[in-house]
1. Which is at pLDDT below 95, open to solvent by less than 50 Å² (accessible area, probe 1.4 Å) and more than 12 Å from the chain's Cα centre (by Cα), of LEU186, LEU152, LEU171?
2. Filter the range 16-40 for residues that are surrounded by fewer than 19 Cβ atoms within 10 Å (Cβ to Cβ), assigned to a helix (DSSP H, G or I) and in contact (Cβ under 8 Å) with a residue 12 or more places away in the chain and give the result.
3. Go through the range 41-64 and give me each residue that's crowded, with 17+ Cβ neighbours inside 10 Å and hydroxyl-bearing (Ser, Thr, Tyr).
4. If you check every pair at least six apart or on different chains, which have Cβ atoms under 7 Å apart with a residue in the range 55-68 that is under 12 Å from SER31 (Cα atoms) first and a residue that is surrounded by fewer than 16 Cβ atoms within 10 Å (Cβ to Cβ) and aliphatic (A, V, I, L, M) second?
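The values are calculated or read from the model by the stated rules, or taken from the named source; none is laboratory data. Quick caveat, the model's predicted, so the values are computed rather than measured. Please note: Cβ atoms are built from the backbone with ideal geometry, for glycine as well, and neighbour counts cover all protein chains shown. Please note that ligands, DNA and RNA were not included when accessible areas were found on the heavy atoms of the full protein model with its side chains. Shrake-Rupley method; radii C 1.70, N 1.55, O 1.52, S 1.80 Å.
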Amino acid sequence: MKVFLFRFSSPMLIEAAKEMRRQRVDIVYWSGWKRYYDKIAMEKKEFSKTIFHNTLDAVKGAPAKEVSVSEFYPLSPDLIRQFQNCESQVLTMMEGADLDQNISFTQKKHLYYEYLRYWHGVLTRYRPDAVIFGDIPHLAYHFVIYRLAQFLEIKTLMYRVLQIPGRLLFLKNHENYDEIKNEVELFKGKNFIV
């Protein structure tokens, strides 16, 4: 199985990535930041074939060092049209992150198109079986990846930390909680102890 990892930067998530590797999961692409991630990305000892991409570079629209974007096709008008809702959401996310209003709307729109072209190219070139997020996609480029994965029918998995210590909630889709609603209905009115 080939996977992409995003926001896997903490010691716990790095250990999870190492365990995936031991279980013969091929971590093709890994984006993260902070000192634990930076150390493993520089060493590449256990992940010699993995493409590492610092989150701060990705936010700026800079490609991973190992990825040549010259082979990526320009965006088609059809793809741009199909991603109009994504564009609107991403531009809103960028607006919220630009607290000092240093980036013009035109620059944000250009960056969005760079995200769409780059991540469409990366996902279609490397064809992962799944994209795993260490949280719901809060960053603009994460949201583009999430939408592209849905569009390309690539499985997505993310988690939320719960208010119960040591418990995580895994989701395939953070916008539609039908599976959770169905489980709640199934156990409604029942008492059980874990």
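1. LEU171
2. LYS18, MET20, ARG21, TYR36, ASP38
3. The answer is THR50, THR55.
4. Short answer, once both residue conditions are applied: PRO63/VAL69.
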